[in-house]
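To start, the structure itself, in structure tokens.
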Amino acid sequence: MAKPEFTVSVTTQYLPEQSSHEQPLYAFAYTITIRNTGDVPGQLIGRHWQITDSSGHEEEVRGLGVVGHQPLLQPGEQFEYTSWTQLGTPMGQMRGTFFCVTDQMHPFETPIPAFHLSLQQALH
């Protein structure tokens, strides 16, 4: 039986030009690569993010698509996008879920494993 499956990989980067230690506000870019590793075409319809800073403050973000797109991926294809977020602390993490459908309109979810956002200097 054909199986829908997307896998997700993430890279992150601190954005000093959009950050302010005085406020405090720390900006981070994240690049998401979504690959269709299943056997059937699938389309990313929506997303749900949980963003947590190191003080425990949590923000939830829900919406349709990603950066204005709802990519339809054939088996083996991938879609990459970059977005950003701000935290009130120099470290935090994000995790979430992509909501998807197959070309036959069968829903499936793709978990986005937790990834860390951190100021390079905060690690030393």
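What follows draws every value from the coordinates through simple rules; no lab data is involved. The shown structure was predicted, so the numbers you read here are calculated from the model rather than taken from an experiment. As a convention, Cβ positions derive from the backbone with ideal geometry for all residues, glycine included, and neighbour counts pool all protein chains shown.
Structure notes:
- Seen from M94, the other residues with C-beta closer than 15 Å to its C-beta sum to a net charge of -1, counting Lys and Arg as +1 and Asp and Glu as -1.
- Separation of segment 59-82 from segment 4-34 is 15 Å, based on Cα centroids.
- Sequence-separation-based contact order of segment 6-117, relative, with Cα cut under 8 Å and 6+ spacing, percent: 31
- Using the Cβ of G38 as centre and a radius below 9 Å, the other residues enclosed give a net charge of -1, where K and R count +1 and D and E count -1.
- Highest-first packing order for the peptide set 49-62, 32-45 is 32-45, 49-62, based on the mean count of other beta carbon atoms within 10 Å.
- In this structure the amide hydrogen of S19, modeled in the peptide plane, comes within under 5 Å of the amide hydrogens of A27, none closer than 5 places in sequence on its chain.
- Surrounding net charge for V61, when Lys and Arg each add one and Asp and Glu each subtract one, Cβ distance under 15 Å: -1
- 3J(HN,Hα) couplings calculated from phi for segment 68-83 with the Karplus curve 6.51 cos²θ - 1.76 cosθ + 1.60 (θ = phi - 60°) are, in sequence order, x, 10, 10, x, 9, 10, 6, x, x, 7, 9, 9, 10, 8, 10, 9 Hz; Gly and Pro show x.
- Checking (1) 67, 23, 21; (2) 54, 23, 22; (3) 47, 33, 23 against Cα extents along the principal axes in Å calculated from these atoms, the matching label is (2).
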